[in-house]
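Single-structure report; data block below.
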Amino acid sequence: MFKTIRVNMSELTTAEEPLKEEYMLIGGRGLVARILTDEVEPTCEPLGPENKLIFCTSIFAGMGVSTGNRLSVGCKSPLTGGIKESSSGGTVGSYMADHGIKVIIIEDQPDQEGPWVVHVNSAGRVSLDEASDLSGTYNYSLNEKLFARYGSDIAVASIGPAGERLYRNSTIQVTEYGTNHPSRAAARGGIGSVMGSKKIKAVVLEKAGERFKPPLVDAFKFKKVRTEFNKILAEGSANDELRKMGTPAGVKHHAETGSLPVRNFSGKQLENLNDLYPDKFAALLKKRGRSGLPCQAGCVIRCANLLFDEKGDLVVSGLEYETVALIGANCDITSFDEIAKIAHQCDDFGIDTIETGATIAVCMEAGKIPWGDAKAAMELVREMVKGTEFGKLMGEGTEAVARHLGVNRIPVAKHQAFAGYDIRGAGITGVAFATSAMGADHTTAPAPGSCAEMLPEEICDASKNLQKVFAMLDNIMCGFAWVFANQHLDKLAALYAAAFGGDADPERLLNLGTETLTLEKRFNKKAGWTDEEDRLPEFFYKEKSEITGITFRVPQEMLSQALKEFE
């Protein structure tokens, strides 16, 4: 049976317990929601001792299902004040599964300075290693030191100085499969600061000496369907742009649908936007990059990429659409190299590229630096690194900076910056940004398209249904797998039944999404959230997009009704 590791930071102890029976059939985001509901008081101070930081794997972790070894990290968010789950690829989920670890729960806070490393050795023994010499170390340098200390075959989840300083835009960086770069980010909601508040610098797992084999109710049926399902993903993605260059392939489509954020979500046209189009990125990768790489073991979609400079040195590992959208188009920066340099600095320091890109854009909106000035943008990031007065303010996130500078166009929902969707060109996603327990998070219901032909009620209904699907996926696997598997829910249901028993009914899986959304809404309601939190910035209702020709069309008062059935 899978197990839970509990790390108590006030006592500086670790303990192993069997995974609760009621947790067996859920994973990822659903498991985060369940544990937080069971163990955390929703009104607690996010950076206080009562909050807990939870690392957990997906439902099919360790079972050979492609993209099934995702890592979910959750807590009460210091940025939104509500429940938060952030998922990541990379190696930690796989290593946890190989040790038979489903959940790591870090609770309470120490009286001593620290920091510490949570260390799982090859035999599965867990220890808390004092690591004061690693305090203040940046993620790339930290990785080098951890690999030298613990061996060449380890998986790492770490925080940079931003997390130690409790910046509310800080991340947890996870080592990438094949490169071991700390470039896979559990990024949103400031979860790095919660790890910092626990005085944990890193979680390190050595390769399991003896690999745990998850029990399967019908192993023969499971392996048969798994082969079929993995083949569907492999064949579907073989010639797809995701394989050829990664998620920046979506920039042109988002631009044409009006969902790409431009100049602080102004809805305007950019003259040089085609410099960020997929053909330009593909040419750059061909010249000095690599594509078609898996970020986690066993992924057949392989949408990761690497970009090097003219000298052959790494610029960034894993440049994603969201980073290109927020640091690029949203700031009028149209050079992949400049975007990549800023993204690397964010990964190294440990801050969210989405929140950071949105924050830089409001600085440009205020006239603090010029539009499109990549060097000035990097200097703003370095202010966070240096810890200047303004840099510390930037570490509080987009909303805090915008209010300080007197900016009227503030693209946030529930205090979290909008991800890479201008909602005048992505109506379904706009409803999700307003109503999700996660705030303006791109993983809740990504759907480019203005929905100009739909009634507001229809947009709300479509968003509700898509949010349920993506909440389900966040229990199971990477959302990009759904691009190629969305017609094969029956096979996922068959895998679920073969692994755990019961009927191979797709409705069982969809119920995972329903249960996850219900737990999240319940947690946030107890935390003090009301219908008034389900709101969007007014400028989306007043300023037309030049691309779609419309404003956002779902009335504010209708938004809070979209997910009422989950309360």
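Each reported figure results from applying straightforward, stated rules to the coordinates on display, with no laboratory input. Note that the structure is a prediction, hence the values are computed from the model and not measured. Counting neighbours? That spans all protein chains shown, and the Cβs are built from the backbone with ideal geometry, glycine included.
Using 22 Å as the Cα-Cα cut-off, could you pick out the over-long pairs in 20/199; 198/414; 84/145; 76/525; 199/375; 198/525?
20/199; 198/414; 84/145; 199/375; 198/525
Rg(Cα) of segment 97-254 divided by 2.2 N^0.38 Å?
Dividing the Cα radius of gyration by 2.2 N^0.38 Å gives 1.25.
Specify the inter-centroid distance of segment 344-397 and segment 298-316, based on alpha-carbon positions, in whole Å.
Answer, in whole Å: 24.
Provide, in order from the shortest bin, the percent of all Cα-Cα pairs of segment 467-552 in each 10 Å bin, continuing until the bin that contains the maximum pair distance.
15, 30, 24, 24, 7, 1
In sequence order, what are the phi-derived ³J(HN,Hα) couplings for segment 396-410 according to the Karplus relation 6.51 cos²θ - 1.76 cosθ + 1.60 with θ = phi - 60°, rounded to whole Hz, with x for glycine and proline?
Whole-Hz 3J(HN,Hα) from phi for segment 396-410: 7, x, 4, 4, 4, 5, 4, 5, 4, 8, x, 7, 8, 8, 10.
So for segment 298-354, what are the equivalent ellipsoid semi-axes in whole Å, largest first, each being the square root of 5 times an eigenvalue of the Cα gyration tensor?
18, 15, 12
In whole angstrom, how long is each semi-axis of the equivalent ellipsoid of segment 413-567, when you take the square root of 5 times every eigenvalue of its Cα gyration tensor and sort them from largest down?
For segment 413-567, the ellipsoid semi-axes come out as 29, 18, 12 Å.
Calculate, in whole percent, how much of the Cα-Cα pair population of segment 212-270 lies beyond 13 Å.
73 percent
Quick check on the chain: what are the equivalent-ellipsoid semi-axes from the Cα gyration tensor, as sqrt(5λ), descending, whole Å?
Each semi-axis is the square root of five times an eigenvalue, giving 32, 27, 24 Å.
Could you let me know the centre-to-centre spacing of segment 486-510 and segment 43-57, using Cα atoms, in angstrom?
If you average the Cα positions of each part, the centres end up 32 Å apart.
For the chain, what is the charge dipole size about the Cα centre, in debye to the nearest 20, if Lys and Arg each add +1 at the Cβ and Asp and Glu each add -1 at the Cβ?
So the magnitude is around 1000 debye.
From the P(r) of segment 1-75, could you give the percentage of C-alpha pairs in the tail past 21 Å?
30 percent
Between Rg and the Kirkwood Rh of segment 232-300, both from Cα atoms, what is the Rg to Rh ratio?
Rg/Rh: 1.05.
For segment 399-441, count the residues as N, evaluate 2.2 N^0.38 Å, and divide the Cα radius of gyration by that value, please.
1.17
When the Cα atoms of segment 13-137 are enclosed in a convex hull and the volume is divided per residue, what value in Å³ results?
Dividing the Cα hull volume of segment 13-137 by its residue count gives 127 Å³.
Going 7 Å from the Cα of residue 371 toward and past its Cβ, which residues in segment 267-283 have a backbone nitrogen under 15 Å from where you end up?
267-274
Specify the inter-centroid distance of segment 166-245 and segment 84-102, based on alpha-carbon positions, in whole Å.
Segment 166-245 and segment 84-102 have Cα centres spaced 5 Å from each other.
Quick one, what does Rg over Rh come out to for segment 371-463 if you take C-alpha atoms and the Kirkwood Rh?
Value, to two decimals: 1.08.
Sorting check: for 413-425, 10-22, 479-491, which peptide has the highest mean count of neighbouring beta carbons within 10 Å, and how do the rest follow?
413-425, 479-491, 10-22
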